[in-house]
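The values are calculated or read from the model by the stated rules, or taken from the named source; none is laboratory data. In this text the structure is predicted, and so the values were computed from the model without any measurement. Neighbour counts run over all protein chains shown; Cβ positions are idealised from the backbone, glycine included. Surface accessibility is based on the protein's heavy atoms, side chains included, excluding ligands, DNA and RNA. Shrake-Rupley method; radii C 1.70, N 1.55, O 1.52, S 1.80 Å.
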Amino acid sequence: MTEEHLDRMVRDADPYRPDVIGHLDGAKQTLLEEIMSEPTLDRVVEPPQPRPQAGRGMVRRFAGALTAAAVLTGVLAVSTMLREHPDDREAAPTGTASAGTPIVYSPVAMKAAEENPRLLIDQSGWKVTTVYGFAKQQGTIAFSNGGRRLEMNWYPAGQYDGYHADRLNVSAPEPVKVDSWPGDLFRYSADDFAVMLRPRDGVFVELRAGGGWTRDEFDRVLAHVVRVDVRTWLAALPAEIVTPARVDEAAAKVLADVPLPPSFDAAALDDVGTNDSYQFGAEVTSRVGCAWIAEWLRAKRAGDDAALQRASDALRSSHKWRVLHQMNDEGDWPKVFWEIADKVAAGHPPADYAPGLGCD
């Protein structure tokens, strides 16, 4: 995960602020308990979540949920499209690629886009740097422009009251609007701001500046945040993003040198949503790893030595999987995967491997 995301999660459930502990809602209390627990592994990671940046280590031990989203290079160039397709305007499920080739979006991609807030920054220079969670009730899309970063996190509407109550311990709220969507601005410090938008269509959104901003700079960028139609939002995603329409091709590349467990169904990967390449790699290898561990446990119970050896060999072979080596410089997911896989292959499966790999 990024340093900014770690800071945000710690602020959400800060175990070191006694004035906040009594105000945590269920979600943050769960996170607090996870942070304060003592897991078996040094790093236990459940996709999909943000990843540590290259060169930055984990500073706390988490039981449960933390992986990875890769930094992408696609520049967000949507100013013209935003003017052509105003907020929530009904649009046909097609777009136009840069070369003029029509893009047909799958029903799955359209449905996922319809169910998220679809916020973009209508200003040149901003690019998408993180995408994950579009198959779930919460997730993140983050934008960067030079040294500036704006992260948009959304959560189920039912969690709004708890989060809002927690933010009241940060500062007094200041009413603001983002593209006519009302919300409250909170100040973590003189250069660190967040805006929590009120629930809408089953979700609420929090926009986080991440520090290093002046209030004027933050206000100017907020003025360029717009809510767009489905086609515009999908067209704004860089080509590197793995949308549902690109899952088959992307999965084939990830699995090219990966031994598949018995009855593994690559077609079932169409439910992972829209993710950047790092997060997609974590999703796919998670499912492969979980299936091989399930096979190892089955073989162990059944006394099937041949199947047990195959599962052990497959898990050991993960040290050679190309996708994990491609991901290794960008985050800790490969290290977590290898740590768990090695323990299972050695005959010592960790008791909490399931949350570590995100197994169902």
query: Does at least one position in the stretch 275-297 carry a residue that is open to solvent by 50 Å² or more (accessible area, probe 1.4 Å) and hydroxyl-bearing (Ser, Thr, Tyr)?
result: yes
field: Criterion violated by Asp332 - all others in (1) touching a Pro at 6+ places or on another chain (Cβ under 7 Å); (2) open to solvent by 40 Å² or more (accessible area, probe 1.4 Å); (3) not small (Gly, Ala, Ser) satisfied
entry: (2)
message: Looking only at the stretch 196-205, filter to residues that are buried (at least 20 other Cβ atoms within 10 Å of the Cβ) and out of contact with any helix residue (DSSP H, G or I) (no Cβ under 7 Å at 6 or more places or on another chain); which one of those is farthest from Ser171 (Cα to Cα)?
response: Val205
- request: Within the stretch 159-195, track down each residue that is open to solvent by 30 Å² or more (accessible area, probe 1.4 Å) and assigned to a loop (DSSP other than H, G, I, E, B).
  value: Leu168, Asn169, Val170, Ala172, Pro173, Asp179, Ser180, Ala190, Asp191
query: In the stretch 343-353, is there at least one residue being closer than 18 Å to Gly281 by Cα, crowded, with 16+ Cβ neighbours inside 10 Å and among the hydrophobic types (A, V, I, L, M, F, W, C)?
result: no
query: Given the conditions (1) under 14 Å from Leu237 (Cβ atoms); (2) in a loop (DSSP other than H, G, I, E, B); (3) modelled with pLDDT of 80 or more, which single one is not true for Gln123?
result: (1)
- request: Please note which helices (runs of 4 or more DSSP H) are completely contained in the stretch 248-360 and include at least 2 residues that are in contact with a Leu (Cβ under 8 Å, 6 or more places away or on another chain) and under 30 Å from Met110 (Cβ atoms).
  value: 277-302
task: Give the residues of the stretch 313-331 that are under 17 Å from Lys343 (Cα atoms) and in contact with a Gly (Cβ under 8 Å, 6 or more places away or on another chain), sorted by residue number.
output: Leu315, Ser318
query: With respect to the numbered conditions (1) under 28 Å from Ser144 (Cα atoms); (2) open to solvent by 70 Å² or more (accessible area, probe 1.4 Å), which one is the sole condition not fulfilled by Asp270?
result: (1)
message: Residue pairs, Cβ under 7 Å, 6 or more apart or interchain, first in the stretch 117-134 and within 17 Å of Gly147 (Cβ to Cβ), second assigned to a strand (DSSP E or B) and β-branched (Val, Ile, Thr). List them.
response: Ile121/Val225; Lys127/Val75; Val128/Ile141; Thr130/Thr140; Thr130/Ile141
task: For the stretch 313-329, enumerate the residues that are of a type in the set (S, T, N, Q), over 20 Å from the mean Cα position of the chain (by Cα) and open to solvent by 10 Å² or more (accessible area, probe 1.4 Å).
output: Ser317
query: Quick one: Thr243 ticks every box in (1) free of Cβ contacts under 8 Å to residues at least 24 places away in the same chain; (2) more than 18 Å from Trp126 (Cβ to Cβ); (3) polar (S, T, N, Q) bar one, so which box is it?
result: (1)
- prompt: Does Arg227 satisfy the condition of being open to solvent by less than 20 Å² (accessible area, probe 1.4 Å) and among the charged types (D, E, K, R)?
  reply: yes
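If only one of Leu297, Leu255, Leu260, Leu308 is aliphatic (A, V, I, L, M), touching a residue at least 12 places away in the same chain (Cβ under 8 Å) and under 27 Å from Thr140 (Cβ atoms), which one is it?
Every option except Leu255 fails the conditions.
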task: Mind listing whichever residues of the stretch 206-224 are surrounded by 15 or more Cβ atoms within 10 Å (Cβ to Cβ) and in a helix (DSSP H, G or I)?
output: Phe218, Val221, Leu222
